[in-house]
Amino acid sequence: FAMPPQDAIDVSLIDSTERVGPGGQFSINLELVNKLPQDLSNVDVYVSSDLFEDKQTIELFQEQEKEASFTFTIPQTAAPGEYSFNARVYFDEELSGSVTGSFIVDEDLSVSEYNELVTGFLYEIRTVTITNNGNTEISDDYKQAPGFFESLFSSYSLEADYSEEGTPSWTYTLAPQEKFVLTSTEEYRPLVVAVVVILLLGFISYYLFTK
């Protein structure tokens, strides 16, 4: 009596990762049992979810029990929450068994900030880059506190909101892997030019009126 392909193999879930962070490793271990008194080749094992999928082709000797293991890297931008996965075993192009399970992707709120300073003759350029390295949208604000004199000669690459005290701030919302980039420039060369012009005009006026 020939056993139909859908009854040829038993599949069960041994274990799987219950929780994983974005960018982490998720593992699934399956047990396959050949219920036939004959060797089976080209047994296809598929594992898939919304975040990953893979396939292995294995051989099962007669009445053999065998483990099949899968490891996946969870995308860095995978949203936090519960996900389901499905494992399916095919023999002779017929579904022979399947199992399902679930796992949780943890929330990651990590943020990095990088500051760069470029200085030259009578000017400074500061660039701050804030990156959402996590898997959840974040909102925050960034403030600068220049002194009164510095604020007179500062300009910004983004329009700022100002407090009653005159402190500039910027509100940003970043999706995973997005960046907030702000460049501020303190430019004193126009002041020097203005002073030189005033002195030159004063010198010329003095010369004309005292000649």
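The values are calculated or read from the model by the stated rules, or taken from the named source; none is laboratory data. No experiment lies behind these values; they were computed from the predicted model shown. In this analysis, Cβ positions are derived from the backbone assuming ideal geometry, glycine residues included, and neighbour counts consider all displayed protein chains. These area figures cover heavy atoms from the full protein model, side chains too; ligands, DNA and RNA do not enter into them. Shrake-Rupley method; radii C 1.70, N 1.55, O 1.52, S 1.80 Å.
When DSSP beta bridges are restricted to pairs lying wholly in the chain, around 95% turn out antiparallel. Positive end of the dipole of the chain (Cβ unit charges, origin at the Cα centre): among 131, 205, 57, the Cα lying farthest that way belongs to 205.
Give me the number: length gained by fully extending residue 114 to residue 10, i.e. 0.36 nm times residue separation minus the C-alpha to C-alpha distance, one decimal in nm.
Values: separation 104, 0.36 × 104 = 37.44 nm, distance 5.38 nm.
Full extension of this stretch gives 32.1 nm more.
Considering only protein heavy atoms and a 1.4 Å probe, what is the carbon-and-sulfur percentage of the accessible area of the chain?
Working: 6740 of 13150 Å².
Here it works out to 51 percent.
Compared with the dominant principal axis of the Cα atoms in the chain, helix 189-210 is inclined by about 10°.
Each Lys and Arg adds +1 at its Cβ and each Asp and Glu adds -1 at its Cβ; summed about the Cα centre, segment 95-148 shows a dipole of about 140 debye. For the pair segment 106-134 / segment 62-87, the C-alpha centres are spaced 37 Å from each other.
Ellipticity at 222 nm from helices only: DSSP H runs of n ≥ 4 in the chain, each -39500 (n - 2.57), divided by the residue count, give -4000 deg cm²/dmol. Among 175, 114, 36, whose Cα projects farthest towards the positive end of the dipole of the chain, with charges put on the beta-carbon of Lys, Arg (+1) and Asp, Glu (-1)? Final value for the positive-end residue is 114. For the listed peptides 70-77, 155-162, a ranking on the average number of other beta carbons within 10 Å per residue, highest first, reads 70-77, 155-162.
In the set [x] 52, 39, 34; [y] 57, 37, 37; [z] 127, 32, 20, the label that goes with Cα extents along the principal axes in Å computed for this structure is [z]. Of the residues 71, 89, 45, the one whose Cα sits farthest toward the positive end of the charge dipole of the chain, with +1 on the Cβ of Lys and Arg and -1 on the Cβ of Asp and Glu, is 71.
Of the listed peptides 133-142, 112-121, what is their order by residue-averaged count of other C-beta atoms within 10 Å, with the highest listed first?
Values: 133-142: 15.1, 112-121: 9.6.
Highest to lowest by the protection proxy: 133-142, 112-121.
Applying a 10 Å radius around every beta-carbon, put 29-38, 85-94 in order of their mean neighbour count, most first. Before the final figure, lay out the partial values.
Numbers: 29-38: 16.0, 85-94: 17.5.
Sorting 29-38, 85-94 by mean packing, highest first, produces 85-94, 29-38.
How much accessible area per residue does segment 61-135 have, counting only protein heavy atoms and a probe of 1.4 Å, in square angstrom? Don't skip to the answer; put the middle values down first.
Values: 4350 Å² over 75 residues.
Here the per-residue accessible area is 58 Å².
Each Lys or Arg adds one and each Asp or Glu takes one away; over the other residues whose Cβ falls under 12 Å from the Cβ of residue 103, this sums to -4. Only lysine pairs 8 or more places apart or on separate chains count here, and in the chain those with Cα atoms under 27 Å apart total 4. Placing +1 on the Cβ of every Lys and Arg and -1 on the Cβ of every Asp and Glu, with nothing else charged, gives segment 1-143 a dipole about its Cα centre of roughly 300 debye.
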